[in-house]
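Reviewing the structure listed below.
The values are calculated or read from the model by the stated rules, or taken from the named source; none is laboratory data. Here the structure is a predicted model, which means the values were calculated and not measured. Note that we place each Cβ from the backbone using ideal geometry, even for glycine, and neighbour counts take in every protein chain shown. For the accessible areas, the whole protein counts, side chains as well, though only heavy atoms, and no ligand, DNA or RNA atoms are used. Shrake-Rupley method; radii C 1.70, N 1.55, O 1.52, S 1.80 Å.
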Amino acid sequence: MKVIRFLIAPVAGIVAFMFGVMALEAVGHAIYPPPAEIEALSRAMGDAMAAGDTDRYRQVQEEMTPVLSAWLADAPVGALLAVVLAWIGGGLIGALVAAVIAPAGKLWFALLVGAFDVVGIVMVTDQFSHPIWMTVLGIGGTVAATAGVGFLLTRGRPRPRPDPA
């Protein structure tokens, strides 16, 4: 049973992380709606993904890059902060799920989810021209949140004691 939990923990944590980011970004979009052009391109990108049309996906992505980069330059700080909070919150949710499922090594499973989050942040901020503070705050917050979850869930467990000889 432990082996199965070791295999399920990282997968469940990463899936929870992805859904957490999507849900938290949806909340941010409800508060700070993106421009109509970005919304339309996002729908087109989702439709291309659902249809498995990689050529159309790449085409829409190429159209989206300059539009989103231009919007990011003038976006309200609250909208940008909502994205950063979604990155950190998604990492926290995923780390919590992975650490709870893992039978041991909870800190490492939480940090593994955090590493996936950091890679995602680097990829997104590299693709679109985000302000540098978003990258720094997103990566720093993600590492702190995921390490904190792993540490807190590890603290309450007694360490195994060696058998007396």
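If you count only protein heavy atoms with a 1.4 Å probe, what accessible area per residue comes out for the chain, rounded to a whole Å²? Show your work: numbers first, answer last.
Numbers: 9940 Å² over 165 residues.
Spelled out: the 1.4 Å probe surface of the chain, per residue, equals 60 Å².
May I have the convex hull volume per residue, in Å³, for the Cα set of the stretch 1-59?
Residue-normalised Cα hull volume stands at 103 Å³.
Counting other C-beta atoms within 10 Å, and keeping those with at most 14, which DSSP coil trypsin sites (Lys or Arg not before Pro) do you find in the stretch 1-94? Provide the component values of the computation, followed by the final result.
Values: sites: LYS2, ARG5, ARG43, ARG56, ARG58; in loops: none.
When the trypsin sites (Lys or Arg not before Pro) of the stretch 1-94 are filtered for loop state and at most 14 Cβ neighbours within 10 Å, nothing remains.
Please work out the C-alpha center-to-center distance from the stretch 57-78 to the stretch 110-128 and express it in whole Å.
About 18 Å separates the Cα centre of the stretch 57-78 from the one of the stretch 110-128.
Report the residue, chosen from ASP126, ASP117, ASP53, that carries the largest GNM mean-square fluctuation when the chain is represented by alpha-carbon nodes joined by springs under 10 Å.
Among ASP126, ASP117, ASP53, the largest mean-square fluctuation in the Gaussian network model of the chain belongs to ASP53.
Which value, in Å to one decimal place, does the Kirkwood hydrodynamic radius take for the stretch 66-154 when every pair of different Cα atoms is included?
13.3
How far, in degrees from 0 to 90, does helix 132-155 lean away from the longest principal axis of the Cα atoms of the chain, to the nearest 10?
The helix 132-155 is inclined about 20 degrees to the chain.
Nearest 20 debye, what's the magnitude of the dipole of the chain about its Cα centre given +1 on Lys and Arg Cβ and -1 on Asp and Glu Cβ?
1260
For the chain, set up a Gaussian network in which alpha carbons nearer than 10 Å are linked by springs, and say which option among VAL122, VAL83, VAL97 fluctuates the most.
Per the Cα network of the chain with a 10 Å cutoff, VAL122 tops the list.
What residues from the stretch 57-85 fall in the zone where the backbone N is under 20 Å from a label point 7 Å along the Cα-to-C-beta line of ALA51?
Of the residues in the stretch 57-85, 57-65 have backbone N under 20 Å from the label point off ALA51.
How long, wide and thick is the stretch 4-99, going by the Cα atoms along their three principal axes, in whole angstroms, largest first?
44, 34, 18 Å, listed from the longest principal axis down.
Roughly what angle does helix 54-74 make with the longest principal axis of the chain, taking Cα atoms, 0 to 90 degrees, to the nearest 10?
So the helix axis and the longest Cα principal axis differ by about 80 degrees.
Hey, what's the per residue convex hull volume over the C-alpha atoms of the stretch 7-165, in cubic angstrom?
Numbers: hull volume 20.1 nm³, N = 159.
Normalising the Cα hull of the stretch 7-165 by residue number yields 126 Å³.
Note the angle between two axes, namely the Cα long axis of helix 36-51 and the longest principal axis of the Cα atoms of the chain, as a number of degrees from 0 to 90, rounded to the nearest 10.
Approximately 60 degrees, to the nearest 10.
Which number do you get for Rg(Cα) / (2.2 N^0.38 Å) in the stretch 86-131?
For the stretch 86-131, the normalised Cα radius of gyration comes out at 1.29.
Of TRP71, TRP108, TRP87, which is the most mobile in a GNM of the chain whose springs link Cα atoms less than 10 angstrom apart?
TRP71
Just name one of ILE139, ALA82, MET45: the one whose Cα is farthest towards the positive end of the charge dipole of the chain (beta-carbon charges, Lys/Arg +1, Asp/Glu -1).
Going by the Cα projections, it comes out as ILE139.
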